[in-house]
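A short worksheet on the structure shown next.
The values are calculated or read from the model by the stated rules, or taken from the named source; none is laboratory data. Nothing here was measured: the structure is a model prediction, and the numbers come from that model. Because the Cβ atoms are built from the backbone with ideal geometry, glycine has one as well, and the counts that use them run over all protein chains shown.
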């Protein structure tokens, strides 16, 4: 048993905003104060006690992440850690090795994470890597927005059989891949790339089934609702990163109105067109729309200046990025499912589009009023590495600090962004929402993101100080499953977290016509497609409903 | 001795027959990078009786997987497996600069144990790709690689180029399953609808199966790829005569090839060691990758390395996610460092730097240069292997193991990096690689702690 004593508890889910209180942990859970018995005490005087952080969107495991690792040795050479009696060796900055990923997340106080995009055909790979990310509990989203089985079902003209069959198929895909949620990446656009067709708008019919991105997103949103999945569709929209893409973003948002939806890395989708066709912030209009739709959540995908390794299933977007800086480019078309691309980049404050992107992220964070609707991410490692979270937290909490950063940007940015006019400063309570309570709620994780009785014994304890960046860079203690894993920034213990899955009810069989179609055109047998239980030992299933 | 039953998994797709023959379907063949996963194996009384659908090599590999195991030996003297494990741990923990090498036909589960052993020993870690497709990996680190899965080739490719590879003899079902004959979603005519071109220095079974064979002079891959880049981009070559020879082939042939590349809908180059081990090494696949990249301004065009050993792609993946680097890793400073040449197997052996070796799932006696083999014979070499081969006769410690994909389950990655689960379809009295390696690791750690 562990007592965290005398700390100021920030537990927004349960209405605690820095009250002095003790937190008791026993058997991996938060418990009420026991009548007696042996216990150890952590003296958290002068500290903020928060639930463990919950990462809702990060590319940390699987085929394209490893493609990035293998492709970018220059990312690793200067960032490494030696093995110790309790930890493995590792290296990497924007694409760290699996062990290093777990340690670095834990060192920031994060205890749960979700890998953002896993194609079913390589799901085994993602699970192999997730098992090698220590400490954190982890799940992944299954990519479906360009999947042939999905597109085939969506082309069914009968609306009621279409809806029923899609629900069954989504349930099967989640089970077969041991995925947690439905991911959609550039719906239809990745398929169009393989045909060397041009741009994909919301109503562009996509070969070979002629369905449109609008049909894909609304069909999958409906299926996620029908299955009562704990997390709604997790949507990366069309036209990521292009100036003027707010038109598509707003149209998509309207198309989904009424459905629960999580819009991911919204920063990349909130650009207006400025003078001479350049980038301008569209954040105010997007924020207004989010403020009018409480059924939606989003994560920001905040830009961080410096090197990144962009990686996404959005293959055509990566090809564009390659042409931008002529840097190395990897692409993998994945049969009947999706594609992917990897391009390393450097974001610079002196480059106007980068400066605008940086402002757009912060504007969204400051203009979306309800912190339960927007969460802190860097779409790691696309907009920046996750290790930059403490810096971003300070930018949100400290107006003077933010203004000092605005001075470093390309001067043109003031013409196309309103960030310099915004004076909101996040409170610690709001930071606790956007980094743990909010994501946990959006993910439907009842036992995470809070410190109520019965919650998981995952706790991050930070020394209260004037400088939020230092405070969040080095927790005094991080507790995972009731065990102290980090003390003053050093790993003191390491063990495997639990895989997180979703408990969808269905008969575990693919519809015969889809099975026949798959067998005929896939390069693997259907039997060998389904991820075996061996890859997710001790799987923790979250209930639907 | 490790518990040989602990890795037992439930047998899948089992159809009992009155004769007590069990038929296992969707079995994955572990021989080459194709990882054909449609194999049928009949087992009776724990003996493999019949193998269907596999190629000649795959069928023989599976049929004979249960025989010809080496005996557990230390310096040629037969001992128990437990003794070999103890001796292996002793050798490794007392070595100053050991090498962990092989991995390419082991499961990823065993490969992870090998990474950890190399890390605990602060030693070196390498796999055969450093002298096979390693230059292709290094090219990827320079310029990236545009590629696709084998199912995309089957469903979409209307132009396939085999460059410096001979899958008809090395990957025998490659053409029928993926790259030439199959009738895919948008390739309904199968072989008829695909243009197949082979580029090689001599006629092979593959060049004979192609629509066009371009016979080039040896050592000209870089030159050829460069000319193709220029032609695809429409640059002036400064050669006016269309019959002038480039790489021993008239320019007009290259011009036609460039046109075929630009005008296809979905083209794929499969490249082999003829590209990666040609003079200039990584510069060849690098130039080829840039060619492929530039063609994507016109159409979809990709390259896939024709990876050899069953799980050589997997060992690049495992080393990638655990150490950050796909080959040639050193842990002397307690963290992974990467330097092909310095830390690759041939460099370490050529300079006689290592003082002990742990070798798993490859046959150095058959693959490495004679000098390297001679040096390995001079130092303590620990060798895990399911079958007698050119190394089992001389390795200091020989530990027989159950063959992966037949008597041990685990994960293999196909040449296009698609992970598949290989199955356990018979019981073996021998432990798996993974089990032996875990025991060795635990013994080393235990000794370090004492």
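A few remarks follow.
- Test: residue in region A:357-368 that is more than 30 Å from residue A:525 (Cβ to Cβ), surrounded by 24 or more Cβ atoms within 10 Å (Cβ to Cβ) and within 14 Å of chain B (Cβ to nearest Cβ): no
- Condition met for residue A:398 (touching a residue at least 40 places away in the same chain (Cβ under 8 Å), under 24 Å from residue A:467 (Cα atoms) and touching a helix residue (DSSP H, G or I) at 6+ places or on another chain (Cβ under 8 Å)): yes
- Condition check for residue B:238: assigned to a loop (DSSP other than H, G, I, E, B), out of contact with any strand residue (DSSP E or B) (no Cβ under 8 Å at 6 or more places or on another chain) and surrounded by 15 or more Cβ atoms within 10 Å (Cβ to Cβ): no
- For region A:452-472, the set of residues classified as buried (at least 20 other Cβ atoms within 10 Å of the Cβ) and touching a helix residue (DSSP H, G or I) at 6+ places or on another chain (Cβ under 7 Å) consists of A:462, A:468, A:472, listed by residue number.
- Of the residues making up region B:145-163, just one is more than 9 Å from chain A (Cβ to nearest Cβ), part of a loop (DSSP other than H, G, I, E, B) and buried (at least 24 other Cβ atoms within 10 Å of the Cβ), namely B:157.
- When every residue of region B:203-210 is checked against the conditions, none turns out to be touching a residue at least 40 places away in the same chain (Cβ under 8 Å), assigned to a helix (DSSP H, G or I) and within 14 Å of another protein chain (Cβ to nearest Cβ).
- Residue match in region A:170-191 (condition: within 14 Å of chain B (Cβ to nearest Cβ), closer than 30 Å to residue A:493 by Cβ, touching a helix residue (DSSP H, G or I) at 6+ places or on another chain (Cβ under 8 Å) and not in a strand (DSSP E or B)): yes
- Residue B:267 free of Cβ contacts under 8 Å to residues at least 60 places away in the same chain and closer than 30 Å to residue A:124 by Cβ: no
- Residue within region B:108-124 that is at pLDDT below 95 and surrounded by fewer than 24 Cβ atoms within 10 Å (Cβ to Cβ) present: no
- You will find that of B:114, B:145, the residue that is within 26 Å of residue A:84 (Cβ to Cβ) and touching a strand residue (DSSP E or B) at 6+ places or on another chain (Cβ under 6 Å) is B:114 and no other.
- Which listed residue is in contact with a strand residue (DSSP E or B) (Cβ under 9 Å, 6 or more places away or on another chain) and either at pLDDT 95 or above or under 21 Å from residue A:254 (Cα atoms) (or both), from A:204, A:200: A:200
- For region A:481-489, the condition holds for at least one residue, the condition being that it is farther than 30 Å from residue B:40 by Cα and surrounded by 22 or more Cβ atoms within 10 Å (Cβ to Cβ).
- Residue that is farthest from residue B:101 (Cα to Cα) [pool: residues in region B:111-144 that are within 10 Å of another protein chain (Cβ to nearest Cβ) and part of a loop (DSSP other than H, G, I, E, B)]: B:144
- Only one entry in A:23, A:31, A:49, A:9 is surrounded by fewer than 19 Cβ atoms within 10 Å (Cβ to Cβ) and touching a residue at least 60 places away in the same chain (Cβ under 8 Å), namely A:31.
For (1) crowded, with 24+ Cβ neighbours inside 10 Å; (2) over 17 Å from residue B:68 (Cβ atoms); (3) away from chain A (no Cβ under 14 Å), each residue gets a yes or a no:
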{"position": "B:388", "(1), (2), (3)": "no, no, yes"}
{"position": "B:395", "(1), (2), (3)": "yes, no, yes"}
{"position": "B:399", "(1), (2), (3)": "yes, no, yes"}
{"position": "B:404", "(1), (2), (3)": "yes, no, yes"}
{"position": "B:410", "(1), (2), (3)": "yes, yes, no"}
{"position": "B:419", "(1), (2), (3)": "yes, yes, no"}
{"position": "B:428", "(1), (2), (3)": "no, no, yes"}
{"position": "B:440", "(1), (2), (3)": "yes, yes, yes"}
{"position": "B:447", "(1), (2), (3)": "no, yes, yes"}
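- For region B:175-198, the count of residues that are within 30 Å of residue B:343 (Cα to Cα), in contact with a strand residue (DSSP E or B) (Cβ under 8 Å, 6 or more places away or on another chain) and either within 8 Å of chain A (Cβ to nearest Cβ) or crowded, with 23+ Cβ neighbours inside 10 Å (or both) is zero.
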